[in-house]
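The values are calculated or read from the model by the stated rules, or taken from the named source; none is laboratory data. Computed from a predicted structure; not experimentally measured. Quick reminder, even Gly has a Cβ in these numbers, built from the backbone with ideal geometry, and neighbours come from all protein chains shown.
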Amino acid sequence: MKRKFLFLGFILLLGAVTAMAQPKAWTLEECIAHALQNNIRIKQQEIMTQYQQSALEQSKLNLLPTLNGSASHNYAFGRALDETTYEFTENETVQSNNFYAGSNVTLFHGLVNYNTIQKNKYQLLASEQDLERFRDDISLSIAMAYLQILLNQELVTATEAQVELTRQQIERTGKLVEAGSVARGNLLDIEAQAAREELQLVNLQNQLTLSLLTLAQMLELPNADDFAVAVPVITVDDQAVRGGPLDIYSIAEKSRPEILSAEYQLKSAELDLAIARGGRSPRLSLGATASTGYSDKRLKPVTFEAYPFGEQLNDNLNYGLGFSLNIPIFNGWQVNTGIRNSRLGIENSQYALENTKKELYKSIQQAFTDATGAMKKYNASQKAVASMEEAFRYAEQKLDVGLVTAVEYNQSKTQLLNAQSEMAQAKYEFVFKTKVLDFYRGIPLTLEHITRMAQ
């Protein structure tokens, strides 16, 4: 009994070690989440967004009054002016201190500060939408690379099955040659076909390895040796292509980050014009100052005693308050040039928004057309595969009894493999394009809900 428990424990431990040795299989959702956290371009765009946040905060702080101070300690030699008494001294060293504080606040300047705050708000919103667009682009690129791996895996599996069939046929044909039922040339033809299929398998395996490496690099993984992806059950839903390009666009236009960013940029350009026009307005400011000083040569009046430092600072303290009005009259036509350039900026932003909308609609049209075409191609290739499978089984039976040559048999098998490859390519092209359309509808990228089989 003790040996049985020891044996059972050993089996469990071996299973745990084996499970730990297996590489992690990444799902599409995990790949996208990892890329969004580690992609360098996204990190750079996040920094740009932080710059815009700082610019907005600074434009708000610019409404506060300025406050600056200064302090100095001076030595004067020979015939020097005592700034506290405005009397000259002869051949003496004078030590003095001066302290100053000043504050200034703009009361009115054509709403330039207010419009600058509003502009920076829209710049921040545009930057945030640009960040979302970067994330969307990375997500779609990850999805495409992920589906390419799944396609390459299917092609490798199909080719491996063909190679195994050819090996089995070599074994059967070899027995028939030994029995004298078929000519030796049939065996040589099938062996040559096996060599070609093995070369094709090696090429497909290399493509699979490269596609895995590509995705691993997109994820910024330090080591791609053990990288593997999870293989979901993917079937084709012929209802995935619903509505039309215009219906999808009507949804995307309201939510896509590239559209929102272009709209915010247009509003920012309009505020640039308001800021430029503010340059024509007079600027009214309020200023306040406070200053005091100390001199070691100054004496108390009447008593002519030493004048203490603290008492001098208090007695010499003075305040000032004033308004200033700056009226722009002529400044090299800078204000008018700024206004004209701002109007051009608005026009350029309008064209940019219009172009962004057109490009989005074209992308949706292309994805919709590609998805529809892939669906038709997939349905046709399903029928072709079914026919080729039946034809191949028939050719295999006829080869065993010598009614067809090995060349004809190989042609039938090659046609079957080509049909299977075309069906796999059409399937993954359809899946990707429908995911793109769902993305434009605001549906997150996932492969979990592709479960219905096309009729």
Among the residues of region 324-334, how many are out of contact with any Ser or Thr (no Cβ under 7 Å at 6 or more places or on another chain) and not in a loop (DSSP other than H, G, I, E, B)? 3
Mind listing just one residue for me: the one in region 290-307 that is surrounded by 15 or more Cβ atoms within 10 Å (Cβ to Cβ) and among the polar types (S, T, N, Q) and, of those, modelled with the lowest pLDDT? SER295
Please report, ordered by residue number, the strands (runs of 3 or more DSSP E) entirely within region 21-129 with at least 1 residues that are farther than 21 Å from LEU271 by Cβ, without any contact (Cβ under 8 Å) to a residue 40 or more places away in the chain and not aromatic (Phe, Trp, Tyr). 66-76, 80-82, 87-89
Which of (1) outside the structural domain of GLY320 (by TED's automatic domain parsing); (2) among the hydroxyl-bearing types (Ser, Thr, Tyr); (3) surrounded by fewer than 20 Cβ atoms within 10 Å (Cβ to Cβ) does SER268 not meet, given it meets every other one? (3)
Which pairs turn up if I take residues in region 331-353 that are in contact (Cβ under 8 Å) with a residue 40 or more places away in the chain and look for partners that are of a type in the set (S, T, N, Q) with beta carbon separation below 7 Å, at least 6 apart in sequence or on another chain? SER349/GLN265; ALA352/GLN265
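State all residues of region 334-352 that are within 30 Å of PHE439 (Cβ to Cβ) and either of a type in the set (S, T, N, Q) or buried (at least 18 other Cβ atoms within 10 Å of the Cβ) (or both); if no residue qualifies, say none.
Once the filter is applied, which keeps residues that are within 30 Å of PHE439 (Cβ to Cβ) and either of a type in the set (S, T, N, Q) or buried (at least 18 other Cβ atoms within 10 Å of the Cβ) (or both), region 334-352 yields ASN348, SER349, GLN350.
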Between a first residue in region 135-156 that is farther than 11 Å from THR214 by Cα and not assigned by TED's automatic domain parsing to the domain that holds PHE430 and a second residue that is crowded, with 17+ Cβ neighbours inside 10 Å and among the small types (Gly, Ala, Ser), which pairs have beta carbons less than 6 Å apart while being 6 or more apart in sequence or on different chains? LEU151/ALA424; ASN152/SER211; GLU154/ALA424; LEU155/SER421
Just to be sure I understand the filter: pairs with C-beta atoms under 7 Å, separated by 6 or more residues or on different chains, first member in region 418-431 and under 12 Å from ALA371 (Cβ atoms), second member of a type in the set (Asp, Glu). Which pairs pass? GLU429/ASP370
